[in-house]
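Contents: one structure, followed by commentary.
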Ligand SMILES: Nc1ncnc2c1ncn2[C@@H]1O[C@H](COP(=O)(O)OP(=O)(O)OP(=O)(O)O)[C@@H](O)[C@H]1O
Ligand SMILES: [Mg+2]
């Protein structure tokens, strides 16, 4: 401190030595720093989303380590929250070979979505030969849309974000928008990437004037960011949606998904293939006639066929238990009678639910 300043201190009636003044300054700096960090900690402790963010961070880091992704220090807390929805392909059990009756569609999907991601060099020369930025899988329930998405995730060899609408909604105003923008910024950081939204009709349904303001803003944000993807040729991010109610999806969203695949109800040959796949690991008797089952199961989806086979297998367990102690340890093989009986029961249940099998084909997609 200068002599003038020391003089000023003396004039006001204090007489402080140089060391006392230095000590005072040090104490003031410590109090200042403690106050700064104290207030910062209080603000942090008062943040209502703190625990959620901490958990998301830990979960995202664990997942990214498992997938083999570098732990980006530049990821924001919102991006980390979205990163919890990254899919580890090794944990997925569905492969293309598990999907029955849809070989043609699967091949087309692979060529449209996966080929441009895997063979980038072939697509580099032309502006038109770019992968689509939006893909829609639509069709009646239980016919394999989610299965196809899982097979893509397993095979893609790129990052796959299985976006859950619940992770974008937040009770705090403005948070949803930040999360929506984090989806795209995270995908861009980890590109090539696929953002998958199952049941997209519930999340991006047609906008209406009575929509909640926060939801409307989030949808608008989502569309704007998606447009950013479409116009950026170098951005290898694809948004993929699946729905059984395409008529409920907002028209502007549908426009952003020009490539669409209809995953319809299986025909007889497709049902036979699905049955083959479902029963391939089961012990079945030689009298099981898959052609006949496929013929008798008209208007049943892949999911129904799986349910029929599951119920048929349960008869083996019931018989085994009914035999009591006399039964050997081995279950008897699945018989044609088991399958027909399970099929009959499901048809009966349908009729009772007023889902008469005949008009089922003419029902709307839901
Ligand atoms: N083509 C298929 N091949 C083999 N199994 C199938 C097929 N389609 C459906 N399944 C069976 O039905 C189940 C449900 O299929 P999935 O979840 O893919 O239906 P979805 O089309 O997504 O239905 P939703 O529209 O109701 O979500 C699968 O787990 C599988 O066991
Ligand atoms: Mg589904």
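We did not get these values from a lab; they are worked out from the coordinates using the rules stated. Given the structure is predicted, the values throughout are model-derived calculations rather than measurements. For neighbour counting, all protein chains shown are included, and Cβ atoms are generated from backbone atoms with ideal geometry for every residue, glycine included.
Helix 175-189 and the long axis of the chain differ in direction by around 80°, with both axes built from C-alpha atoms. A simple spin-label model places pseudo-atoms 7 Å from Cα toward Cβ; at residue 329 and residue 77 they are separated by 5.7 nm.
Over region 54-262, what is the mean sequence separation of C-alpha contacts under 8 Å (at least six apart), divided by residue count, expressed as relative contact order in percent?
Details: 292 pairs, mean separation 58.7, N = 209.
Contact order relative to length: 28 percent.
Counting only DSSP beta bridges whose two residues both lie in the chain, roughly 10 percent are antiparallel. Averaging Cα coordinates gives a centre for region 19-62 and one for region 77-110; these two points are 42 Å apart.
Helix-only arithmetic for the chain: the sum of -39500 (n - 2.57) across DSSP H runs with n ≥ 4, divided by the residue total, places the mean residue ellipticity at 222 nm at -16000 deg cm²/dmol. How far is the Cα center of region 248-282 from the Cα center of region 147-173, in Å? Using only Cα atoms to place each centre, the spacing works out to 19 Å. Of the residues 23, 38, 302, the one that moves most in a GNM of the chain with alpha-carbon contacts below 10 Å is 23. Expressed in units of 2.2 N^0.38 Å, where N is the residue count, the Cα radius of gyration of region 54-262 is 0.99. Springs between Cα atoms under 10 Å define the GNM used for the chain, and in it the highest mean-square fluctuation of 40, 53, 145 occurs at 40. Helix 213-231 versus the longest principal axis of the chain: what is the Cα-based angle in degrees, 0 to 90, to the nearest 10? Helix 213-231 and the main axis of the chain meet at about 80 degrees.
With viscosity set to 0.890 mPa s at 25 °C, what whole-number translational diffusion coefficient in µm²/s follows for region 240-307 from Stokes-Einstein and a Kirkwood radius over Cα pairs?
Working: Rh = 14.3 Å.
Estimated via Stokes-Einstein, D reaches 171 µm²/s.
Length available on full extension from residue 185 to residue 173: 0.36 nm per residue minus the Cα-Cα distance, which gives 2.3 nm. Counting only alpha carbon atoms, the long axis of helix 302-322 and the longest principal axis of the chain meet at about 70°.
Once a ≥ b ≥ c are taken as the square roots of the eigenvalues of the Cα gyration tensor of the chain, is the result rounded (a/c under 1.5), prolate (a/b larger than b/c) or oblate (a/b not larger than b/c)? Mind showing how you got there, number by number?
On the way: a/c = 2.88, a/b = 2.23, b/c = 1.29.
It is prolate, given that a/c is not under 1.5 and a/b is the larger ratio.
Our summary gives the chain a relative contact order of 18 percent, counting only alpha carbon pairs under 8 angstrom and 6 or more residues apart.
Going by C-beta contacts inside 10 Å, put 293, 308, 42, 277 in order with the fewest on the left. Intermediate results must be reported in sequence, preceding the final value.
On the way: 293 23, 308 26, 42 10, 277 17.
In order of increasing Cβ crowding within 10 Å: 42, 277, 293, 308.
Computed over every Cα-Cα pair of region 268-362 and binned at 10 Å starting from 0, the pair-distance distribution P(r) comes out as 16, 46, 27, 10, 1, 0 percent. Backbone N atoms of region 220-251 closer than 13 Å to the 7 Å Cα→Cβ label point of residue 127 belong to residues 231-234.
Sorted ascending by nearby beta carbons within 10 Å, beginning with the fewest, 185, 301 become 185, 301. Comparing 330, 111, 250 in a Gaussian network model of the chain where C-alpha atoms under 10 Å apart are linked, the largest mean-square fluctuation is found at 330.
Going by how many other Cβ atoms sit within 10 Å of their own, how do 74, 29, 181, 260 line up, fewest first? Walk me through the numbers before you get to the answer.
Working: 74 6, 29 10, 181 20, 260 15.
By the 10 Å Cβ count, ascending: 74, 29, 260, 181.
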